[in-house]
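Just below is one structure, and these are the notes that go with it.
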Amino acid sequence: MRGQAGAGIGNVWLRSARGNKGEPPLTRERIVQAAVALLDEEGMDRLTMRHLAERLQVGATTLYWHVATKADVIDLAVDAIFGETSLPDQRADNPRDDIVVLVNTWRQAMLRHPWAATLPARQRPLMGPNFLAWMEFLQSGLARAGLTDKRLNAATWALYNHVMGATATQSSLQLSADEARLGQEYLESRRDQYPTVAANNYISDVDWDTSFTVGLELLLDGIDAQTGS
């Protein structure tokens with residue numbers, strides 16, 4: 001809202017939070033908890049400031065005192081997800097082990113909150129303290145593995161996209177048994193055009209866990225090859 005310190009800054013983490021203005025105990029923490037619950041139950045399309053205010057049983061004006069925009073709410077809710085699981089206190093001897101633990105934990109967090117997996121193409125980077133702690137853990141592991149500069153950032157984005165892309169697909173692509181069967185039959189009927197696709201169960205393979213694990217191994221093998229690990 002106008003008059004808030006730093007209100008013209010687009011990222012909620014770069015603006016100072018407002019006080020409570022002596023109102024009933026509505027806090028940013030309560031807002032975030034309600035937003036995560038709303039998103040889990042009803043999805044992104046149902047998140048509006050009015051609907052969130054109704055859920056909190058407050059007026060929209062009261063809500064706007066604490067969060068300036070819907071984008072703020074989403075940023076805060078996403079960061080709260082990363083705060084649900086603590087990072088390991090100690091690093092493994094092999095940095096690859098740390099990366100595997102982190103990436104798999106990240107995937108599970110996204111699968112618990114499928115709406116979050118639909119937000120890979122954000123207009124601004126995630127900068128909440130919980131997410132940054134995860135990113136520090138990931139990048140420090142990549143640095144220990146021997147990556148620096150552009151290669152470190154490229155590996156970071158490759159792993160980020162693997163998690164977010166895989167979980168977004170798993171959360172949104174829900175084929176019935178009939179759809180999978182008909183899709184495979186369609187490919188079989190055009191095997192002369194798409195022989196490799198038809199032969200490898202492109203439509204009917206929904207073993208998400210194996211696909212994710214093998215894809216992660218391929219990425220990490222490539223990283224190892226670059227660093228001589």
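A few remarks follow.
- Neighbour cut-off at most 16 other Cβ (10 Å), DSSP loop, trypsin sites (Lys or Arg not before Pro), segment 18-119: Lys21, Arg91
- Relative compactness, segment 53-212, computed as alpha-carbon Rg over 2.2 N^0.38 Å: 1.33
- Remark: the chain carries 57 Å² of accessible area per residue (probe radius 1.4 Å; ligands, DNA and RNA excluded).
- Placing pseudo-labels 7 Å out from each Cα toward the beta carbon at Tyr64 and Asn153 gives an inter-label distance of 3.8 nm.
- Lys/Arg +1, Asp/Glu -1 at C-beta; the chain dipole; positive extreme among His113, Ala166, Thr227: His113
- Carbon-plus-sulfur accessible fraction, the chain (probe radius 1.4 Å, protein heavy atoms only): 52%.
- Over the chain, DSSP H runs of length four or greater, each weighted -39,500 (n - 2.57), average out per residue to a 222 nm ellipticity of -19500 deg cm²/dmol.
- DSSP-assigned coil residues among trypsin sites (Lys or Arg not before Pro) in segment 138-229, each with at most 15 further Cβ atoms within 10 Å: Arg190, Arg191
- Charged side chains reduced to their Cβ positions (Lys and Arg at +1, Asp and Glu at -1) give segment 117-229 a dipole of some 580 debye around its Cα centre.
- Selection among Ala198, Gly215, Ala77 by position relative to the dipole of the chain gives Ala77 as farthest towards the positive end (Cβ unit charges, Cα centre).
- The chain - charge dipole about Cα centre, Lys and Arg +1 at Cβ, Asp and Glu -1, debye rounded to 20: 1200 debye
- Summary value for segment 117-229: 32 percent relative contact order, contacts being C-alpha pairs under 8 angstrom separated by 6+ residues.
The values are calculated or read from the model by the stated rules, or taken from the named source; none is laboratory data. Since the model is a prediction, treat every value here as computed from it, not as a measurement. Cβ: placed from backbone, ideal geometry, glycine included. Neighbour counts: every protein chain shown. Note: accessible area is taken over every heavy atom of the protein model, side chains too, but ligands, DNA and RNA are not part of it. Shrake-Rupley method; radii C 1.70, N 1.55, O 1.52, S 1.80 Å.
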